[in-house]
1. Going by the structure shown, is D174 free of Cβ contacts under 8 Å to residues at least 12 places away in the same chain, farther than 27 Å from R241 by Cα and touching an Asp or Glu at 6+ places or on another chain (Cβ under 9 Å)?
2. Consider the range 242-259. How many of its residues are surrounded by fewer than 18 Cβ atoms within 10 Å (Cβ to Cβ) and under 30 Å from N125 (Cα atoms)?
3. Filter the range 102-123 down to residues that are of a type outside the set (S, T, Y) and closer than 30 Å to R187 by Cβ and give me whichever is surrounded by the most Cβ atoms within 10 Å (Cβ to Cβ).
4. Among the residues of the range 252-262, is any part of a loop (DSSP other than H, G, I, E, B) and either in contact (Cβ under 8 Å) with a residue 60 or more places away in the chain or not assigned by TED's automatic domain parsing to the domain that holds E203 (or both)?
5. What about W78, is it free of Cβ contacts under 8 Å to residues at least 60 places away in the same chain, aromatic (F, W, Y) and outside the structural domain of E277 (by TED's automatic domain parsing)?
6. Please determine whether any residue of the range 220-241 is over 30 Å from C177 (Cα atoms) and either in a helix (DSSP H, G or I) or of a type in the set (V, I, T) (or both).
7. Which of (1) farther than 30 Å from D36 by Cβ; (2) surrounded by 20 or more Cβ atoms within 10 Å (Cβ to Cβ) does W136 not meet, given it meets every other one?
8. Quick check: is even one residue across the range 20-32 at pLDDT 95 or above and part of a loop (DSSP other than H, G, I, E, B)?
Amino acid sequence: MLLMAAQVDAKDAKPPYAFKRVDAYDGGIGAFATRDLKRGEVILHEPPLVTATMATLEQRVAALDEKTRKRLFSLCDWRAERAKTPKTALGVFQANGYPCPTAREPDAAGVFLKFSRFNHSCKPNAHHAWRRGERWIFATHDVAKGTELTTHYVDLFMTSEDRKKALKERFGFDCVCRGCEPTPKLRVAFSDARRAHMRQLDEQIYDKASRGKHEAAIRDVTERLIMLEEEELDSPAAVARACDDAAQAAAHANDRKTEREWLERARAESKLCEPPESSELEELEKRLAKLGV
């Protein structure tokens, strides 16, 4: 049975994670599962400490109360720490910020007291989404008690070398996740090839569907789903997106039966990566209703 977010995220429940020191990242901390987690289970949802654009950052931080400001500056500013200089609001945002767009500030970013402490992995086991003014975090796979909970900071479909370079330049650390180290070089090469091919498939699916090659587009989706699983990147969000692509290809062909099958799968996966009554789920329900479901 699919677990909806509300079913697994009781407000009085003990958080399913705890923060511990992580030796791999120079004594930094990470979040670890305190019990077994099921795929799609809510790990955390929290509002940002503050949101801002580059133009409003200093003003917003200056307006914070003392408690919130202290929490903000408890987060990492790796450039300042390395240079042995005081932390800055910009440095904290650069190291910890996530997109938090609103209608008034589409380019706003936000910093989170808890989620900003989740570490990166090139094979993450947590997915996050910005919904209704909060960052929601879901388990992408079943996670065993004691396992570190990880998200991703960079595009996972870049090569291992490019991911490492981006992480070093933007976040100041050398990635030693299980997708990079100590994986044999040949295996990394195979992984890079799969990820590059998945990017190519993703880019050509819509093009094929729009040119009337609907069956070919759906075959590409099926191939992408297989490769996502092989790379352990088959999060509910990634699977839902791929299934939606197949549904749209079927819609181009006016194949309502196939469209409905793929949309139903997209809905099932979306329930594992969206909060209850999200606009994304509502849109899927509307599309299914039009098909007579």
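The values are calculated or read from the model by the stated rules, or taken from the named source; none is laboratory data. What you see is a predicted model; the values in this text were computed from it and never measured. Cβ sites come from the backbone with ideal geometry, for glycine too, and all protein chains shown count toward neighbours.
1. When the stated conditions are applied, D174 passes them.
2. 0
3. Going through the qualifying residues, I end up with C122.
4. First, the residues of the range 252-262 that are part of a loop (DSSP other than H, G, I, E, B): 253-255.
Checking the rest, the ones that are also either in contact (Cβ under 8 Å) with a residue 60 or more places away in the chain or not assigned by TED's automatic domain parsing to the domain that holds E203 (or both) come to none.
No - not one qualifying residue is present in the range 252-262.
5. no
6. no
7. (1)
8. Within the range 20-32, none of the residues are at pLDDT 95 or above and part of a loop (DSSP other than H, G, I, E, B).
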